[in-house]
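Data block below; observations after.
The values are calculated or read from the model by the stated rules, or taken from the named source; none is laboratory data. Remember, it's a predicted structure, so these values are computed and weren't measured experimentally. Cβ sites come from the backbone with ideal geometry, for glycine too, and all protein chains shown count toward neighbours.
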């Protein structure tokens, strides 16, 4: 079969839960990357982990045999160093052949099992080069400058300890480039004019998880109210949308890559 996918992928919304309940390893809380290599060549893969307050850690190297899929728990990546739990991170995945990458999370910390999944954001890394070794130092700019999230909603109440179990809506923003990203968020409603812009900065080679609950300038975003958002930056970024709904003790979690505009 011909190869399918891209050679560069990004996951902005990484966060591995600390607590687990149930038998291990089946019910261990974890983040996971599922990598499909549908082509006829072995894939040589490098993963870079981008944090909020330190330089990226890289490369985590692995291989995917031809015509195979390989699920990789991020918890199990230990070289060059283990990735800390309950810490915001993003991941950039590069390969020398096209892959398809999907991101999933399992959180069993409260007794009930919550699962979320999303395709990673695809881009092309090699730009005509044949080997990873010929590529500039990781990570590098990836993404788009305009993004949209059509289905926003902040649940009106929460259960469980705060702030980790506070119901929230989050935009996970990865800036893998060498220039700080100046970001503006405009929020749209069903029955009134938009709110914003909400301005923030995502430093170079960092990821930032922005809870819509915490946006207050120029005005707070109301809870229990449908909204949408458009996110614009002056450099390429990648945006992932996540929601935690803890209105019931059996918390619900979902995630998806936002819509990326062409410009």
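Look at the range 142-190 and say how many of its residues are modelled with pLDDT of 85 or more, under 18 Å from the mean Cα position of the chain (by Cα) and in a loop (DSSP other than H, G, I, E, B). The total comes to 4. Restricting attention to the range 204-228, the residues that are under 19 Å from residue 50 (Cβ atoms) and not in a strand (DSSP E or B) add up to 2. Counting the residues of the range 85-107 that are under 13 Å from residue 16 (Cβ atoms) and modelled with pLDDT of 95 or more gives 3. Only one of the numbered conditions (1) part of a strand (DSSP E or B); (2) crowded, with 18+ Cβ neighbours inside 10 Å is not met by residue 39, and that is (1). The residues in the range 15-33 that are free of Cβ contacts under 8 Å to residues at least 60 places away in the same chain and surrounded by 18 or more Cβ atoms within 10 Å (Cβ to Cβ) can be counted, and the count is 0. Scanning the range 229-240 turns up no residue that is part of a strand (DSSP E or B) and at pLDDT below 90.
You will find that of 94, 54, the residue that is touching a helix residue (DSSP H, G or I) at 6+ places or on another chain (Cβ under 8 Å) and either within 22 Å of residue 239 (Cβ to Cβ) or assigned by TED's automatic domain parsing to the domain that holds residue 210 (or both) is 94 and no other.
If only residues of the range 110-122 that are modelled with pLDDT under 85 and assigned to a strand (DSSP E or B) are counted, the one that is farthest from the chain's Cα centre (by Cα) is 114.
Matching residues to (1) surrounded by 19 or more Cβ atoms within 10 Å (Cβ to Cβ); (2) in a strand (DSSP E or B); (3) out of contact with any helix residue (DSSP H, G or I) (no Cβ under 6 Å at 6 or more places or on another chain); (4) not assigned by TED's automatic domain parsing to the domain that holds residue 244:
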residue	(1), (2), (3), (4)
13	yes, yes, yes, yes
35	yes, yes, yes, yes
49	yes, yes, yes, yes
61	no, yes, yes, yes
66	no, no, yes, yes
86	no, no, yes, yes
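Just one residue in the set 74, 57, 50 is over 14 Å from the mean Cα position of the chain (by Cα) and modelled with pLDDT of 95 or more; that residue is 57. The set of residues from the range 60-71 being free of Cβ contacts under 8 Å to residues at least 60 places away in the same chain and more than 18 Å from the chain's Cα centre (by Cα) comprises 61, 62, 63, 64, 65, 66, 68, 69, 70. Any chance the range 96-109 includes a residue that's out of contact with any strand residue (DSSP E or B) (no Cβ under 7 Å at 6 or more places or on another chain) and in a loop (DSSP other than H, G, I, E, B)? Scanning the range 96-109, I find at least one residue that is out of contact with any strand residue (DSSP E or B) (no Cβ under 7 Å at 6 or more places or on another chain) and in a loop (DSSP other than H, G, I, E, B), so the answer is yes.
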